[in-house]
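Let me begin by presenting the structure, written as structure tokens, before commenting on it.
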Amino acid sequence: MSNVLPSPTASSSLILKLSCKDRPGIVAAVANLFSLQGFNIRESSQFEDVHTSCFFMRTVFESVEGPKDIAAVKSAFKAVAERYAMAWSLHDRAVKPKVLIAVSQWGHCLDHLLNNQKQGSLPVEITGVLSNHQTMQPLCEWYGVPFHYLPVTKETKAEQELQILELFKATGSELLVLARYMQILSDNMCAQLSGKAINIHHSFLPGFKGAKPYHQAYERGVKLIGATAHFVTADLDEGPIIEQAVERVSHAQTPDKLVEIGRDIEAVVLGRAVRWHAEQRVLLNGHKTVVFNG
């Protein structure tokens, strides 16, 4: 038996994501290519947007011949990708994406993410937590996660955002999660993190916006409240939606009770969005997303 460990550039299980204009033969071409490379299909999902004739696909392949060189597999797949003008990516299923979390003074979403990562149900590597307040530092220390205090004022906003981007790059992070980070990112920041930042909005979008959405909901006597996880864009709270959830409420519940219910929903919804993103289940479709969460 060989004692040589597989190269870190090799993998036995890969996830392919792709999108392109729908044409006959796409699935067959993909399956045939990976079969010739020594892979079996373990999981596959497809979707066609009939309004745009755009095809989306996520497939998990497993090698029957031991670890394969990922660069070689990518090189072999390029011919198929070019034939169908695909937007595509290939990921090592065993590699957990690196995630940087931003938070302000409410820790329910942060605690949910940290706990799920520690328990193994959230397949990410949390590189650190940044905040414009020190409130969450003890929680991060308890979990053993690096905490970065980056205070911000109106006058220092550009400098502080540069610090965030530098931290994002220095930690090798691939995703910034805004876990109730109560600062509006600049257009420049949003552009640099396009497709790499997820926010949780304390409302079922479109809905009540502002500092006290649950109080507005109470005043309007709503019967459903919810939360929305979406990609961050320069259009505030208008980015492609990844996940949403709602909870039925009644006239008997106070604004404080709605806040309590809302926090639970926010934590769950953000956790799902981050997990699906980490598992390569989210594909952009213009201003929308395709989420293979089955």
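Only the coordinates and a few stated rules stand behind these numbers; no lab work does. Owing to the predicted nature of the structure, the values given are computational and were not obtained by experimental measurement. Every residue, glycine among them, receives a Cβ derived from its backbone with ideal geometry; neighbour counts consider all protein chains shown.
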Protection proxy (average C-beta count within 10 Å per residue), highest first, orders 277-283, 85-91 as 277-283, 85-91
Sorted from largest down, give the three principal axis spans of the alpha carbons of the chain, whole angstrom values.
61, 46, 36
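Pairs LYS154/LYS288; LYS17/LYS196; LYS21/LYS98: which are spaced more than 21 Å apart, C-alpha to C-alpha?
Exceeds cut-off: LYS154/LYS288; LYS21/LYS98.
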Could the peptides 47-53, 168-174 be put in order, highest first, of the mean number of other beta-carbon atoms found within 10 Å of their residues?
168-174, 47-53
Using the Karplus curve 6.51 cos²θ - 1.76 cosθ + 1.60 with θ = phi - 60°, work out ³J(HN,Hα) for each residue of segment 102-114 in order, rounded to whole Hz, and write x for Gly and Pro.
10, 8, 10, 10, 9, x, 5, 5, 4, 4, 4, 5, 5
GLN253 to LYS96: extension gain in nm, 0.36 nm per residue of separation minus the Cα-Cα distance?
52.4 nm
Hits among aspartates and glutamates - C-alpha to C-alpha of LYS257 under 13 Å, sequence gap 8 or more where chains match:
GLU247
Which of the aspartates and glutamates could a cross-linker bridge to LYS169, judged by Cα under 16 Å and excluding same-chain residues fewer than eight apart?
GLU125, GLU159, GLU161
Give me the log10 of I(q) over I(0) for segment 10-92 at q = 0.15, 0.20 Å⁻¹, as the Debye formula computes it from C-alpha points; what are the numbers?
-0.49, -0.85
